[in-house]
Amino acid sequence: MVRLLATACTVLLVVAPQLTVGQEASVTQSPAISYSADSAGLQSLLHDILEAAKANDATKEGRLIHSLVMPDDATWFNDEFGPAFGPRLSKAYRGAEPTLEPEMRTIFENDAKRGWLNPKIIRYADAAEVDSPTDNFLNCMDEPAPLYQTAFINDRPSFEISLSPGENRVGSRVIAGDLDGYYVHAGGTFRFVPENIFFLLPKGRPIRIQVGMDVMRSKKIHDASWSYPQEAVRQHIAGKVSIHIVLDTSGKVLQADLLEGPPILGNAVLEAVKQWTFEPTLLDGEEVEVETNLEAAFQYMAGK
């Protein structure tokens, strides 16, 4: 087997015998694992995984590695990237999940064999201060949440890659060094997300433009109307409501909020508006997000 030690700048070719990774242990139910939501917490978690691997404690190692996987009910992708991007990333993560734990186990066990037990933790939180592509990943978030990487060997992430004779790098796999992706804090502990999941994000967050509702009405594909709430009629509640609407690049309602007016009337309008769909709006040939405002009037008439 041929191994490559790859960093952002160099590739070192080394010939060595193939390593045998210990048989994977089953993961049993255990109390929730919690580490502080900072670099020190991630450092502690990784140290515990590597020490368990070094001691051949397969049960503890498996439990800790399992904690790095997003649970099925995780909402992190939607929470951070919104309904426009989150579902796509979540679906891709679920597709990668079956091989995720075995791959992490292989890398951690080989790191432990090499004595790599205390990686440097790199934290990214400000898109203006980091390089591509990490800056784009942060920019695509609704509210930037820190991303973390490790550096076991140098000051930057690096990977030891396995190549069988005759293989090229397309068919290679990482067997030691740093995991190829990012750690995030979600659901009370750290999770690992492969970098290729984030590459499903657009190159830049879509531009959002303001368009009047008089224009958007002509672009409406699916409509839904509202009715005068019976409770509002009973209480003789009338008046005007103002709704702020945000459409995603496909023309679906991304967000709708009541700006002014009685909540009982505003909620009736919101329920209808959230069902609307529009033709995508283009700016210089590119689909963009749209903001628009809607006003609706409710007039109480005695006897109605």
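Condition check ((1) at pLDDT below 50; (2) small (Gly, Ala, Ser); (3) not assigned by TED's automatic domain parsing to the domain that holds Pro98) across all residues:
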{"site": "Thr7", "(1), (2), (3)": "yes, no, no"}
{"site": "Leu12", "(1), (2), (3)": "yes, no, no"}
{"site": "Ala16", "(1), (2), (3)": "yes, yes, no"}
{"site": "Ser39", "(1), (2), (3)": "no, yes, no"}
{"site": "Asp48", "(1), (2), (3)": "no, no, no"}
{"site": "Ala55", "(1), (2), (3)": "no, yes, no"}
{"site": "Ala58", "(1), (2), (3)": "no, yes, no"}
{"site": "Ala74", "(1), (2), (3)": "no, yes, no"}
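Within the range 178-185, does at least one residue satisfy the condition of being closer than 16 Å to Asn78 by Cα, at pLDDT 95 or above and not basic (Lys, Arg)?
Filtering the range 178-185 down to residues closer than 16 Å to Asn78 by Cα leaves 184-185.
Now narrow it down to the ones that are at pLDDT 95 or above: 184-185.
From what's left, not basic (Lys, Arg): 184-185.
Taking every residue of the range 178-185 in turn, at least one turns out to be closer than 16 Å to Asn78 by Cα, at pLDDT 95 or above and not basic (Lys, Arg).
None of Asp142, Asp155, Asp111 is over 16 Å from Val193 (Cα atoms) and without any contact (Cβ under 8 Å) to a residue 40 or more places away in the chain except Asp155.
Note on the range 188-304: enclosed helices (runs of 4 or more DSSP H) holding 1 or more residues that are among the β-branched types (Val, Ile, Thr) and exposed (fewer than 13 other Cβ atoms within 10 Å of the Cβ) are 213-216. Quick one: is Asn118 in the same structural domain as Cys140 (by TED's automatic domain parsing), touching a strand residue (DSSP E or B) at 6+ places or on another chain (Cβ under 8 Å), in contact (Cβ under 8 Å) with a residue 60 or more places away in the chain and over 16 Å from Ala186 (Cα atoms)? No: the conditions fail for Asn118.
How many residues, within the range 34-79, are acidic (Asp, Glu) and within 21 Å of the chain's Cα centre (by Cα)? So the answer is 4. A single entry from Ala53, Ala74, Ala84 fulfils the requirement of being under 20 Å from Asn196 (Cβ atoms) and surrounded by 18 or more Cβ atoms within 10 Å (Cβ to Cβ): Ala84.
Could you please find all residues in the range 114-151 being surrounded by fewer than 16 Cβ atoms within 10 Å (Cβ to Cβ) and out of contact with any helix residue (DSSP H, G or I) (no Cβ under 8 Å at 6 or more places or on another chain)? Within the range 114-151, Arg114, Gly115, Glu129, Asp131, Ser132 meet the criteria. Scanning the range 246-279 for residues that are over 28 Å from the mean Cα position of the chain (by Cα) and among the charged types (D, E, K, R) yields one hit, Glu260.
The values are calculated or read from the model by the stated rules, or taken from the named source; none is laboratory data. Worth saying up front: this structure is predicted, and the values here are computed from it rather than measured. Reconstructed Cβ throughout: ideal geometry from the backbone, glycine too, with neighbour counts over all protein chains shown.
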